[in-house]
Amino acid sequence: MNIGRVLSRTSEYSSEYAGGIVAYLGGGAVRVSFSAGAVYGGTIAVGGVVGYLGANTGCYKNINTNWVAPSDPMSVPFTLTGAIVGQQVAAPSSVIDNYYDEQMCILPGIGSNPIPPSISGVAEGWPTIGMIGNNLLIAWPGTPPQLYPTLPPYHPIEFLAAAPIYLENNETLENVQTDFTVSNGIAFPPPIFPNPLNPYTYPYIWESVDGFVDIQPTSNNATINNTGGVLQQDTLKVTLDNEPLYEKLVPIWVIR
């Protein structure tokens, strides 16, 4: 699981491959992983889950819910960039039952196979509302309501990774013009001897790193501040009230 930020670059050089879970997969398979952190890097291929998927490998039942971009945004036409896989070799490799939030990651599912952008049953993009709760029941059963998919046994990091941002009017995080809401957390019974009357509570704390978004902690309404009509990049940081060491970062571009 990835909840932070993957930076496959330095001021001196940039790696050829980057991935939210694996940068270069030359053997084996990636299964049932969750990439909730932004991924930057890769001059050849970058993917939300796997950057390069080699021969005799697989990518099965993985989720990506955050931003993916190459080291140099101007290199997008030349870098294979995908919400799930950046570059997939022709054969024999397989990509099955992977999903991504197409409002958070505005890319084809597989960078080396961009048409169609969303491939049903392979690397499938859904709006946020289609990714939460039991909407992916067949692939990810048991997900708590109003969260991205998670699987038991539950851990606080999973709940942090599963915190969605609800953009309005099918907007994407590349260009947000309408005030929106963020998840306010969850109360969930302990995984052992569950007692609904005494649940574990995981309240989220959201904040704007760059100050272009104002988030009210009581209502979880996010208001875009005046940007002078210019598209500005902000980063939303979410932590758990009772687990302050963990954090998730989501880049967002707003205008007002």
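Miscellaneous remarks
- Top-ranked residue in segment 85-115 [being in contact with a helix residue (DSSP H, G or I) (Cβ under 9 Å, 6 or more places away or on another chain) and not hydrophobic (A, V, I, L, M, F, W, C); ranked as nearest to A55 (Cα to Cα)]: Y99
- Residue list for segment 40-58, filter: buried (at least 24 other Cβ atoms within 10 Å of the Cβ) and in contact with a Lys or Arg (Cβ under 8 Å, 6 or more places away or on another chain): G41
- Here A38 clears all of (1) modelled with pLDDT of 85 or more; (2) among the small types (G, A, S); (3) in contact with a Gly (Cβ under 6 Å, 6 or more places away or on another chain) except the condition numbered (3).
- Of all the listed residues (V68, V32), the sole one being under 22 Å from Q146 (Cβ atoms) and not polar (S, T, N, Q) is V32.
- Those residues of segment 1-31 which are under 26 Å from T239 (Cβ atoms), assigned to a loop (DSSP other than H, G, I, E, B) and at pLDDT 90 or above, in sequence order: G20, I21
- Tally of residues being under 22 Å from V6 (Cβ atoms), aliphatic (A, V, I, L, M) and surrounded by 18 or more Cβ atoms within 10 Å (Cβ to Cβ) across segment 228-256: 5
Rundown of residues vs (1) acidic (D, E); (2) crowded, with 19+ Cβ neighbours inside 10 Å; (3) at pLDDT below 90, yes/no style:
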position	(1), (2), (3)
N62	no, yes, no
V68	no, yes, no
M74	no, no, yes
P77	no, no, yes
A91	no, no, yes
I119	no, no, yes
L136	no, yes, yes
L147	no, yes, yes
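The values are calculated or read from the model by the stated rules, or taken from the named source; none is laboratory data. This structure is a prediction, so every number in the text was calculated from the model and none was measured. Because the Cβ atoms are built from the backbone with ideal geometry, glycine has one as well, and the counts that use them run over all protein chains shown.
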